[in-house]
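Presented below is the structure to which this report refers.
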Amino acid sequence: MSQQTDTTKVHIDSIHSRAICEEVGYRLRRSLKDLPTEPAPKLSQLLKRMRRQELGQEFRDAPSLAPSAADMGAQGGRLAAMRKRFF
């Protein structure tokens, strides 16, 4: 039987590898410069919402997920005391 060799492998050194990467980057930058720089409207809306959430402007008046001390009944007084001590 004859032994087949893989002729698709190409061995390049680091200098040529870097040059190829730089050329690909250059061509990508050139081809992408004509694309719009503004994000899509939906993406802009989501980014604005995320900024509001990070600043605490949204959900500021949202109800608490944890029950209040009054809602807890008899345990309410102990929990309130613990909250004051730790927070």
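Laid out as a table, the results:
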read-out	value
For region 13-57, alpha-carbon Rg and Dmax in angstrom	18.4, 54
Gained length - residue 32 relative to residue 48, 0.36 nm times residue gap less alpha-carbon distance	3.3 nm
Total formal charge among the other residues, if their Cβ is under 15 angstrom from that of residue 39, Lys/Arg +1 and Asp/Glu -1	+3
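We did not get these values from a lab; they are worked out from the coordinates using the rules stated. Note that the coordinates shown come from a computational prediction; the quantities given were computed from them, not determined experimentally. Every residue, glycine among them, receives a Cβ derived from its backbone with ideal geometry; neighbour counts consider all protein chains shown.
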